[in-house]
Amino acid sequence: MRPQVLIIGCGFGGLEAARALRAADVDITVIDRTNHHLFQPLLYQVATAGLSAPSIAAPTRHLFRAQRNVTTLLGEVVAIDAQSRTVTLKDGALLRWDHLIVAAGATHSYFGRDEWAPHAPGLKTLDDAFEIRRRVLMAFEMAEREDDPARRAALLQFVVVGGGPTGVELAGTFAEIARHTLPGEFRRIDPRQARVLLVEGNARVLQAMPERLSERAREQLTALGVEVKLNARVTGIDAEGLDLTTAAGPERLLSRCIVWAAGVAASPLGRALADATGCTLDRAGRVVVEPDLSLAGHPNIQVIGDLASAQSHAPGKEPRPVPGVSPGAKQMGRCAAANILKRLRGQPTTPFRYSDYGNLATIGRHSAVVDLGTPAGPLRFSGYLAWLFWLFAHVYFLIGFRNRFVVLMDWAWAYWTHDRHARVIAQK
Ligand SMILES: Cc1cc2nc3c(=O)[nH]c(=O)nc-3n(C[C@H](O)[C@H](O)[C@H](O)COP(=O)(O)OP(=O)(O)OC[C@H]3O[C@@H](n4cnc5c(N)ncnc54)[C@H](O)[C@@H]3O)c2cc1C
């Protein structure tokens, strides 16, 4: 029997690890609870009706059709046994492994206030995106039928919590939908009257960016019509709206469409691994890994991507934490695959080293901010050029020629017409 490699999760990390083993003399099983690989950086476009789901997701089975050493399975892993080298699926089935790569990603964190979740969905999966899209479009539909001015105003108030890249992208696009896409289509309301608020607990949006770019992003959002509330802490969320505390005191915002883009927590599989191996979890529930991405005392288990609390080990430099972004997950996937091959050959493994190419965020159809690391030093720019850079970078990294072509066509159409074509919502 060839060595059995089991990869849990076919996101950025899992897909890259399996591909890196394409020529290896091993049998690989990739198991995911969904049947698709999802390009999360463009998920907000599905949530805001700009793209349809198949443009940013590809069936996992199709991706591996030509890689004969991969078997693709649909199923959710709920437990891991390091002694018997098996995982248990939700339906009770067992899978055996010799080498395990856990790449199950992250989920939303409501900072212990899970009761907020039904009133403020987060954006992580296609189902989340469909739900947010439904709530945004339904708010306009209900406002068109509402006679009471106060209730209509509440329906036309959209709140995004969290000023990271996803919050900024969502808020900017909501404002564009209200100001450019929908006007002319309603008879009793003016969609331009909609109020879009972005609520951020810290003093600036896009914390990971240099201060100057954060300020540019805030200005660009304001120009689009988004009200940015900084230093504003959410203290409650219910079916009618949310409560905030700001320097000016407590405030109540009525809204039927609140989106949560504020917190990330590791997949619950981190806890399952800790129970199975005694490994350490950090405050976000991520698994603390060894320099080569394995678990202390369990060299045959590696954890990668958003689930890993990993450090980059560049020669001659202090180790530094790896951010939870797709290049980090992909690079870890390649490192984990290479280390499996080294173990099989009896060679020493390599510590993980992260290459940081920078950060991008878009704020509507003409503006973005870009912070790139180049050998000559950081390259930072914003505005239209940054937006073009963002656009082509995202199309380039999409999987599949068809998706790249379709996304470019959809964006070109939306650019000239302001239309957002994916506005069909199914009744629940
Ligand atoms: C809305 C959004 C926008 C983002 N934008 C950017 C961006 O612009 N640039 C950037 O670099 N990064 C961005 N990120 C972050 C980036 O997507 C993540 O860092 C990256 O996806 C992490 O890869 P991963 O392989 O660890 O996890 P994921 O890509 O999340 O994949 C995890 C996989 O595991 C599967 N899974 C989970 N639990 C189980 C289980 N128990 N059993 C079986 N399967 C399971 C999931 O279905 C999923 O397919 C964004 C993330 C989000 C949510």
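The values are calculated or read from the model by the stated rules, or taken from the named source; none is laboratory data. Small disclaimer: the values here were computed from a predicted structure and weren't measured. Every residue, glycine as well, gets a Cβ built from its backbone with ideal geometry; the counts of neighbours run over all protein chains shown. The area values use the complete protein model at the heavy-atom level, side chains included, leaving out ligands, DNA and RNA. Shrake-Rupley method; radii C 1.70, N 1.55, O 1.52, S 1.80 Å.
Could you state the number of Å between the C-alpha centres of region 13-38 and region 187-244?
39 Å
May I ask for the Kirkwood hydrodynamic radius of region 1-148, worked out over all distinct Cα pairs and given in angstroms to one decimal?
17.5 Å
Looking at region 104-256 only, what percent of DSSP beta bridges run antiparallel? Nearest 5 please.
Rounded to the nearest five, the antiparallel share is 55 percent.
Gap in Å between the Cα centre of region 251-277 and the Cα centre of region 87-166?
Result: 10 Å between the Cα centres.
Any chance you could look up the accessible area of Met138 with a 1.4 Å probe, heavy atoms only, rounded to 10 Å²?
50 Å²
Mind listing the Cα extents of the chain along all three principal axes, in Å, largest one first?
Cα extents, longest axis first: 71, 52, 45 Å.
Mind ranking 257-263, 213-219, 323-329 by how tightly packed they are, going by the mean number of other C-beta atoms within 10 angstrom, highest first?
257-263, 213-219, 323-329
222 nm [θ] for the chain, helices only, -39500 (n - 2.57) per DSSP H run of 4+, per residue, to 500? All intermediate terms of the calculation are to be shown ahead of the outcome.
On the way: 11 runs with 131 residues, N = 428.
About -9500 deg cm²/dmol.
Mind giving me the FRET efficiency for Ala426 and Asp25? R0 is 45 Å, r the Cβ-Cβ distance, nearest 0.05 is fine.
0.45
Which whole-Hz couplings ³J(HN,Hα) result when phi for each residue of region 65-76 is put into the Karplus expression 6.51 cos²θ - 1.76 cosθ + 1.60, θ = phi - 60°, listed in order with x for Gly and Pro?
Residue by residue, region 65-76 yields 4, 9, 9, 5, 8, 10, 10, 9, 10, 9, x, 10 Hz.
For region 36-106, just say rounded, prolate or oblate: build the C-alpha gyration tensor, square-root its eigenvalues into a ≥ b ≥ c, call rounded for a/c under 1.5, and beyond that prolate if a/b exceeds b/c, oblate if not.
prolate
Counting only protein heavy atoms and using a 1.4 Å probe, what share of the accessible area of region 148-195 belongs to carbon plus sulfur, as a whole percent?
On region 148-195, the fraction of accessible area on carbon and sulfur atoms equals 45 percent.
Based on the Cβ-Cβ distance of Arg145 and Glu115, what FRET efficiency does E = 1/(1 + (r/R0)^6) give at R0 = 35 Å, to the nearest 0.05?
0.75
What is the set of long-range amide H partners of Ile80 at a cut-off below 5 Å, with H atoms built 1.01 Å from backbone N?
For Ile80, the qualifying residues are Thr88.
Taking a cut-off of 21 Å between Cα atoms, list the lysines near Lys342, but don't count ones fewer than 8 places away on the same chain.
Straight-line reach from Lys342, under 21 Å: Lys330.
With every protein chain in place, what's the accessible area of His421 (1.4 Å probe, Å², nearest 10)?
Accessible area, nearest 10 Å²: 80 Å².
List the lysines whose alpha-carbon lies under 26 Å from that of Lys229, not counting same-chain residues fewer than 8 positions away?
Lys124
If the chain between Glu318 and Thr350 were fully stretched, how many nm would it gain, using 0.36 nm times the residue separation less the Cα-Cα distance?
Length gained, Glu318 through Thr350: 9.9 nm.
Out of residues 5 or more away from Gln302 or on other chains, whose amide H comes under 5 Å of its own, with H placed 1.01 Å from N in the peptide plane?
Under 5 Å from the amide H of Gln302: Leu100, Ile101, Val102.
Tell me the per residue accessible area of region 1-83 using a 1.4 Å probe; a whole number in Å² is fine. Let's see the in-between values first.
On the way: 3390 Å² over 83 residues.
Per residue, region 1-83 has an accessible area of 41 Å².
Taking θ as phi - 60°, what are the ³J(HN,Hα) couplings along region 269-286 by the Karplus curve (6.51, -1.76, 1.60), each to the nearest whole Hz, with x for Gly and Pro?
Whole-Hz 3J(HN,Hα) from phi for region 269-286: 5, x, 5, 4, 5, 4, 5, 7, 10, x, 5, 8, 10, 8, 5, 8, x, 7.
Tell me, what ³J(HN,Hα) does each residue in region 323-330 have, in order and in whole Hz, if you take phi through Karplus 6.51 cos²θ - 1.76 cosθ + 1.60 with θ = phi - 60° and put x for Gly and Pro?
Couplings: x, x, 10, 5, x, x, 5, 5 Hz.
Would you mind working out the magnitude of the charge dipole of the chain relative to its Cα centre, with +1 at each Lys and Arg C-beta and -1 at each Asp and Glu C-beta, to the nearest 20 Debye?
Working: 49 positive and 41 negative charges, 194 e Å.
The calculation lands at about 940 debye.
Amide H neighbours of Ser309 under 5 Å, at least 5 residues apart or on other chains, H built in the peptide plane: list them.
Hits under the 5 Å cutoff: Val287, Val288, Val289.
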